[in-house]
Amino acid sequence: MDVKKLDGQYVAPTYARFPLCLVAGKGSKVVDENGKEYIDLGTGIAVNGFGVADEEWIAAVTEQLSKIQHTSNLYYSEPCARLAEQLCLRTGMKRVFFSNSGAEANECAIKVARKYGESKKGAEYTTIITLRDSFHGRTITTLAATGQEVFHKDFLPLTEGFVYAEANNAQEVRRLAEKYPCCAVMFEVVQGEGGVRPLTKEFLKDVEAIAKEKDLLLIADEVQTGNGRTGKLYGYMNFDILPDVVSTAKGLGGGLPIGATLLGEKVADILGAGMHGSTFGGNPVCSAGALNILSRIDDALLAGVTERSRYVFDELTDAKGIRSVTGLGLMIGIECERPASEVIDECREKGVLVIKAKHKVRLLPALNIDMEELKQAIAILKEVCAK
Ligand SMILES: *Cc1c(COP(=O)(O)O)cnc(C)c1O
């Protein structure tokens with residue numbers, strides 16, 4: 001079967017796909033339709049945190065799958081309740097709303113912020129401050145939250161009530177908080193799609209102080225930075241701040257679609273019965289997968305993420321053909337002298353899958369990638385960048 005042709009004819013042409021059809025894999029190795037093997041440093045965009053066909057995860061998912069695959073939120077379901085408990089115990093948050101994607105997790109965070117502003121401060125307190133070069137999703141409202149013009153054009157008018165500050169410029173956050181009737185500040189601690197750019201601790205501490213002073217919710221979009229990716233369970237834990245709302249998705253389900261919006265003390269009960277919902281949210285199979293993933297993101301695993309991260313930074317920083325290496329944990333952006341797309345294509349030909357973020361090459365390897373495979377892949381990447 002010519003999958004590329006079929007896809008080209010019938011799938012909406014919204015993706016510029018790489019000319020590659022993946023069919024199987026094991027751990028950090030994936031295999032294409034011709035049987036060629038690759039070391040995968042992209043993990044389906046930070047989703048397959050424990051690689052492909054992980055046996056423990058498969059066992060957890062299939063056990064649930066053979067019991068009941070879906071209940072709807074009209075009924076109670078144990079995996080969903082247990083997952084919410086684990087997320088709260090591991091973060092100190094108080095409640096969780098489950099959905100199916102990052103954009104939806106952020107939609108919920110935005111609804112919480114609007115409700116908080118309205119009920120705590122007054123009906124006009126609806127504005128949310130986000131950052132330039134942020135990425136929060138593809139729905140009309142999360143596009144509005146996304147501080148990048150390129151995503152906005154073609155879809156106007158977007159949801160009102162978002163203003164944008166420059167990343168790492170607390171002065172501008174303060175200016176916006178004083179100019180507009182605000183209810184929240186929303187950020188990624190490492191801007192992923194925006195070029196793998198970490199915010200500074202100083203900035204985040206300042207934003208936290210501004211939020212406290214002006215009674216704004218602090219919303220951490222941990223869709224990409226969450227679930228062990230940065231070397232902590234959630235990225236904010238690297239910065240000594242405590243958000244009021246944490247949204248996450250991507251790596252949480254280990255490859256199954258799940259989004260979660262974690263609600264802190266201030267907003268735990270702000271959404272009452274009938275105010276928000278999702279047919280699939282908290283689906284038992286996805287929750288069982290997420291429970292398995294979460295149970296394995298322990299101190300040893302996180303120490304391994306940091307160790308692997310250090311290896312990659314040490315190898316690539318100041319290497320030939322590499323201008324800069326940024327990021328945190330196993331979320332790494334590389335600015336090359338050669339165009340990123342050339343590097344990506346050549347790596348793929350040599351059996352290594354890497355992806356892009358703006359003009360950079362982005363690495364999002366499995367949290368438990370075998371050290372030898374990582375070394376092999378980084379050696380190939382270095383060789384390609386040096387050309
Ligand atoms: C990927 C991403 C999203 C959107 O997630 P979807 O599951 O594609 O809706 C939102 N925020 C951040 C930070 C992301 O990286």
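The values are calculated or read from the model by the stated rules, or taken from the named source; none is laboratory data. The shown structure was predicted, so the numbers you read here are calculated from the model rather than taken from an experiment. Heads up, the Cβs are rebuilt from the backbone with ideal geometry, glycines too, and the neighbour counts pull from every protein chain shown. Quick note on the areas: whole protein, heavy atoms, side chains included, nothing else; ligands and nucleic acids left out. Shrake-Rupley method; radii C 1.70, N 1.55, O 1.52, S 1.80 Å.
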Select from segment 191-219 the residues that are touching a Phe, Trp or Tyr at 6+ places or on another chain (Cβ under 6 Å) and either outside the structural domain of residue 119 (by TED's automatic domain parsing) or more than 10 Å from the ligand (Cβ to nearest atom) (or both) and list them in ascending order. 201, 204, 217
Quick one: which helices (runs of 4 or more DSSP H) lie wholly within segment 137-248 and hold at least 2 residues that are over 23 Å from residue 261 (Cα atoms)? 149-152, 170-179, 201-214
Scan segment 352-372 residue by residue and report those that are open to solvent by 20 Å² or more (accessible area, probe 1.4 Å) and under 19 Å from residue 300 (Cβ atoms). 368, 370, 371, 372
Name the single residue that is nearest to the ligand (Cβ to nearest atom) among those in segment 28-62 being among the aliphatic types (A, V, I, L, M) and touching a Phe, Trp or Tyr at 6+ places or on another chain (Cβ under 9 Å). 30
If I go through segment 192-220 residue by residue, how many of them are among the charged types (D, E, K, R) and either open to solvent by less than 10 Å² (accessible area, probe 1.4 Å) or within 18 Å of residue 176 (Cα to Cα) (or both)? 7
Name the pairs whose Cβ atoms lie under 9 Å apart, with the first residue in segment 47-75 and under 18 Å from residue 31 (Cβ atoms), the second at pLDDT 95 or above and aromatic (Phe, Trp, Tyr), and 6 or more positions between them or separate chains? 50/57
Would you pick out the residues in segment 146-189 that are of a type in the set (S, T, N, Q) and open to solvent by less than 20 Å² (accessible area, probe 1.4 Å)? 146, 148
So the check is Cβ under 6 Å with 6+ separation or different chains; which pairs have a first residue in segment 135-161 that's within 22 Å of residue 199 (Cβ to Cβ) and a second one that's of a type in the set (A, V, I, L, M) and within 12 Å of the ligand (Cβ to nearest atom)? 136/145; 137/103; 142/103; 147/131; 151/143
Residues of segment 24-59 that turn out to be open to solvent by 30 Å² or more (accessible area, probe 1.4 Å), under 23 Å from residue 290 (Cα atoms), in a strand (DSSP E or B) and aliphatic (A, V, I, L, M), as a count: 2
Cβ-Cβ under 7 Å pairs, at least 6 apart or on other chains, segment 188-204 side on the phi > 0 side of the Ramachandran plot, far side away from the ligand (no atom under 12 Å from the Cβ) and modelled with pLDDT of 95 or more: 195/333; 195/358; 195/360; 196/326; 196/327; 196/332; 196/333; 196/360
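Could you please let me know if residue 67 is assigned to a strand (DSSP E or B) and out of contact with any Lys or Arg (no Cβ under 7 Å at 6 or more places or on another chain)?
Here the answer is no, as residue 67 does not meet what is asked.
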Sort out for me the helices (runs of 4 or more DSSP H) sitting completely within segment 279-369 that have 3 or more residues that are at pLDDT 95 or above and touching a Pro at 6+ places or on another chain (Cβ under 8 Å). 284-296
State which residue is least open to solvent (accessible area, probe 1.4 Å) when the search covers only segment 86-101 and only residues that are within 26 Å of residue 139 (Cα to Cα) and of a type in the set (S, T, N, Q). 99
Within segment 318-332, is there a residue that is free of Cβ contacts under 8 Å to residues at least 24 places away in the same chain, closer than 22 Å to residue 44 by Cα and touching a Phe, Trp or Tyr at 6+ places or on another chain (Cβ under 9 Å)? yes
Which condition breaks for residue 65 when tested against (1) in contact with a helix residue (DSSP H, G or I) (Cβ under 6 Å, 6 or more places away or on another chain); (2) under 24 Å from residue 237 (Cβ atoms)? (2)
Determine which single condition residue 83 fails, assuming it passes every other condition in (1) open to solvent by less than 10 Å² (accessible area, probe 1.4 Å); (2) within 13 Å of the ligand (Cβ to nearest atom). (2)
Look at segment 124-136 and say how many of its residues are assigned to a loop (DSSP other than H, G, I, E, B) and either within 13 Å of the ligand (Cβ to nearest atom) or surrounded by 18 or more Cβ atoms within 10 Å (Cβ to Cβ) (or both). 6
Mind checking whether some residue in segment 147-166 is touching a helix residue (DSSP H, G or I) at 6+ places or on another chain (Cβ under 8 Å), within 22 Å of residue 267 (Cα to Cα) and among the acidic types (Asp, Glu)? no
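Let's see how each residue does on (1) more than 16 Å from the ligand (Cβ to nearest atom); (2) surrounded by fewer than 20 Cβ atoms within 10 Å (Cβ to Cβ):
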{"position": "245", "(1), (2)": "no, no"}
{"position": "257", "(1), (2)": "no, yes"}
{"position": "268", "(1), (2)": "yes, yes"}
{"position": "275", "(1), (2)": "yes, yes"}
{"position": "307", "(1), (2)": "yes, yes"}
{"position": "317", "(1), (2)": "yes, yes"}
{"position": "323", "(1), (2)": "yes, yes"}
For segment 232-243, which residues satisfy the criterion of being more than 12 Å from the ligand (Cβ to nearest atom) and touching a Lys or Arg at 6+ places or on another chain (Cβ under 9 Å)? 233, 234, 238, 239, 240, 241
